[in-house]
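Let me begin by presenting the structure, written as structure tokens, before commenting on it.
The values are calculated or read from the model by the stated rules, or taken from the named source; none is laboratory data. These figures come from a predicted structure and were not determined experimentally. Every residue, glycine among them, receives a Cβ derived from its backbone with ideal geometry; neighbour counts consider all protein chains shown. Just the protein is used for accessible areas: all its heavy atoms, side chains included, with ligands, DNA and RNA removed. Shrake-Rupley method; radii C 1.70, N 1.55, O 1.52, S 1.80 Å.
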Amino acid sequence: MVSQVAKWGNSQGIRMEKRLLQSLGLYIGDMVEISKKGEEIIIKPAHGIDWFLQDYERPDDGWEHITPKGREVW
């Protein structure tokens, strides 16, 4: 796929085909991690706490009240 860097408000953006994003399991609103390796741009899903906890039943008061128990950085 070839795309073009375009103006997006005060920033720039690159558009990608819906089929490509869906094949990677990415949808509107998903967060991604972008990095550079040499001349390559690497884009991959950014997995936050909600992704890791998706198979667990969410408590009525949410996850926000949980505090770190060790040296985790939240």
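Using a 1.4 angstrom probe, figure out how much accessible area the chain has per residue, in square angstrom, rounded to the nearest whole. Intermediate results must be reported in sequence, preceding the final value.
Numbers: 7510 Å² over 74 residues.
It amounts to 101 Å² per residue over the chain.
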### Query
Modelled label-to-label distance, Gln4 and Lys44, 7 Å Cα→beta-carbon offset: nm?
3.2 nm
### Task
Mind grabbing the base-10 log of I(q)/I(0) for the chain at q = 0.23 Å⁻¹? Debye formula, identical points on the C-alpha positions, no solvent, two decimal places.
-1.21
#### Entry: Heavy-atom accessible surface of segment 1-54: percent carbon and sulfur, 1.4 Å
56 percent
### Partner aspartates and glutamates for Lys69 [C-alpha distance under 20 Å; skip if fewer than 8 residues away on the same chain]
Asp50, Asp61
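Leaving ligands and nucleic acids out of the surface, order Val73, Val32, Val5 by accessible area at 1.4 Å, largest first.
Values: Val73 135, Val32 60, Val5 95 Å².
Output order, biggest surface exposure first: Val73, Val5, Val32.
Assigning unit charges at the beta carbon (Lys, Arg +1; Asp, Glu -1) and nothing else, what dipole magnitude in debye, to the nearest 20, does the chain show about its Cα centre? Walk me through the intermediate numbers first.
Numbers: 10 positive and 12 negative charges, 106 e Å.
The dipole magnitude comes to about 500 debye.
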